[in-house]
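Derivation of every value follows stated rules applied to the coordinates shown; laboratory data play no part. Quick caveat, the model's predicted, so the values are computed rather than measured. Note that we place each Cβ from the backbone using ideal geometry, even for glycine, and neighbour counts take in every protein chain shown.
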Amino acid sequence: MGPAWMVASAVAAVLASWAFNALVRLVWRPYAVARRLRAQGVRGPAYRFLAGNLAEMKRLRAEGARATLDVGDHDFVPMVQPHHRKWISLYGRTFLYWNGATPNLCLADVNLVRQVLFDRTGLYPKNHINQYVTRLLGRGLLLTDGDEWKRHRKVVHPAFNMDKLKTMTATMSDCALSMISEWEAKLAKGGDAEVVELSSQFEELTADVISRTAFGSSYREGRQVFLAQRELQFLAFSTAFDVQIPALRYLPTRNNLRTRELDRRVRGMLMDIIKARLAVAGKDTAGGGYGHDLLGLMLEAAEHGGEAPTLSMDEIVDECKTFFFAGYDTTSHLLTWACFLLSTHPEWQGRLREEVRQECGADEVPTGDALNRLRLVNMFLLETLRLYGPVSLIQRKAGTDLDLGGVRVPEGAILTIPIATIHRDTEVWGDDAGEFRPERFQNGVTRAAKHPNALLAFSSGPRSCIGQNFAMIEAKAVVAIILQRFALELSPTYVHAPMDVITLRPRHGLPMLLRSL
């Protein structure tokens, strides 16, 4: 009787402790945090037990998803971030809301955003709450922090210097010409105009480019990685507005099982690519090493890092996942929205075509130097990024209790930066913030708005996107080659309904009428 009583007592004590901790986390702490922030002037929607404000966020998004826009209306925020639009109008640019029991501070004030993004002390690490997103992107440069991030960046950075990127221009152009040759073949059969669904075409194009420039593999070898990561992307976003309970990731749910299967498949395929490169390098008697692309640089670092290699093999796989996804997904959507805006602004299409023909010739393949001279194309792409940036928000986390713009923020709070909202702020961009006006960038990015760091399409500060120059050169090359050969006209079947699935894309694709020049 004695031992049984002691076991029962121990179990009761554990359960009581668990219940007390749950009570503190799910009831007392949210109340205390909200009260402290309210005393400092930061308000927001009321916390709801366990789910926080997730139910209302889901409801508002479901309502917004049914809407469509006129092709001249660029304000998709009520469709993809309706809760931000609603709560900013009620509580101001900085407000508190709840992702489950986790406090989330929305920062739509550019000065506060700068304080977070330009910090070099490690106060604002990346937010890793959603394990599905971590599996999608890998623990590479995008999601690491501190010394670990510095170690990864030291290896990866040389692959993205401008001289290296210029040498990649020919590969980018070859991939674009291969896509365009298919369009020309269709036109040859069907007359002087053909409808082509561009968003899927650009996804395949940019996957081909990243396969060849980062991993040296053809699109056929990279295609399965691309397809698996795209499914992982949709799985990750489907959980974005669910309560994140760490223990649930171990349950054999359909999403968990599928995510693990896809993750194993992606890792396996990337390891096959790596092993093939190692095998080739092992047979290389000329001393050429592993190659000069991203994968080659990482493998070189792993081999010559001494007793403590700069990157382990697992870290190389994670870095490959990061750059495979970031390299094709964001750039494909930049190209999609750029072509949408070209088709709806024929006067700019004409101006850009004239500049391309002047700097690159009527049908010559653009060189890196020629692309750098495309001033109007650059302005056009920057305005595309302002209105239709692939990433509509980014997040950080308070690494400790800290002061942010005079507000005491508790450790662990999520800091959400609503990029799409900031890019439409009339106090930052002027009364024409909702209009498409590439000329606002004629004096450069820092003078385009009333704040020098207002364009956040590639983030800002020391953690800004390392691949932004890669993306811009690729976008310029593809746009230039298209404009040399085709006139773009939006298909009457197009429905303007931007949607956010981690990245911004047209819900119904981009059917475009192409006319040969």
Expected 222 nm ellipticity per residue - DSSP helices of 4 or more, -39500 (n - 2.57), all of the chain, to 500: -17500 deg cm²/dmol
field: Residues of the range 64-92 with amide N under 20 Å of a point placed 7 Å along Cα→Cβ from Phe241
entry: 64-69, 75-91
- request: Quick one: angle between helix 313-344 and the longest Cα principal axis of the chain, in degrees between 0 and 90, rounded to 10, please.
  value: 60 degrees
query: Expressed as a whole percent, how much of the Cα-Cα distance distribution for the range 124-163 exceeds 14 Å?
result: 51 percent
query: Convex hull over the alpha-carbon atoms of the range 56-211: what's its volume per residue in Å³?
result: 212 Å³
Distant alpha-carbon pairs in the range 405-517 (separation over 19 angstrom), percent: 67 percent
message: Which one, Asn469, Ala497, Ile481, projects farthest toward the positive side of the charge dipole computed for the range 373-509 from Cβ point charges (K/R +1, D/E -1)?
response: Ile481
message: Pairwise over distinct Cα atoms, reciprocal of the mean inverse distance: report the Kirkwood radius of the range 172-285 in Å, one decimal place.
response: 17.2 Å
query: Percent relative contact order of the chain, based on C-alpha pairs within less than 8 angstrom and at least six residues apart?
result: 23 percent
field: HN-Hα J in Hz across the range 409-420 - Karplus 6.51, -1.76, 1.60, θ = phi - 60°, x for Gly and Pro
entry: 9, x, 4, x, 5, 7, 10, 9, 10, x, 4, 4
GluC sites (Glu not before Pro) restricted to the range 420-482 and DSSP loop, no more than 14 other C-beta within 10 Å: Glu435
- request: Just list whichever of Lys164/Lys275; Lys126/Lys150; Lys150/Lys397; Lys126/Lys450 have alpha carbons separated by over 26 Å in the model shown.
  value: Lys126/Lys450
statement: Charge tally for neighbours of Ala413 with beta carbon under 12 Å away, counting Lys, Arg as +1 and Asp, Glu as -1, is +3
field: Antiparallel content of DSSP bridges confined to the chain, in %, to 5
entry: 90 percent
Percent of Cα pairs exceeding the 30 Å cut-off, where the set is the chain: 53 percent
task: Calculate how steeply helix 162-190 sits against the longest principal axis of the alpha-carbon atoms of the chain, using the helix alpha-carbon long axis, and give the answer as 0 to 90 degrees to the nearest 10.
output: 70 degrees
- line: A correct Karplus calculation of ³J(HN,Hα) over the range 371-376, with 6.51 cos²θ - 1.76 cosθ + 1.60, θ = phi - 60°, whole Hz and x for Gly and Pro, returns 4, 5, 8, 7, 5, 5
- prompt: In whole percent, what relative contact order does the range 27-141 give with Cα contacts below 8 Å and a gap of six or more residues?
  reply: 25 percent
message: Relative contact order of the range 61-196, please, whole-number percent, based on alpha carbon pairs below 8 angstrom and at least 6 residues apart.
response: 9 percent
- request: Run the quick spin-label model on Arg507 and Asp314: label points 7 Å from Cα toward the beta carbon, then report their separation in nm to one decimal.
  value: 4.1 nm
task: Arrange Ile417, Ile273 by Cβ neighbour counts within 10 Å, fewest through most, would you?
output: Ile273, Ile417
- line: To the nearest 10 degrees, the tilt of helix 2-23 (Cα long axis) against the first principal axis of the alpha carbons of the chain is 50 degrees
message: I want the local charge near Thr206. Using Cβ-Cβ distances under 14 Å, sum +1 for each Lys or Arg and -1 for each Asp or Glu among the other residues.
response: -1
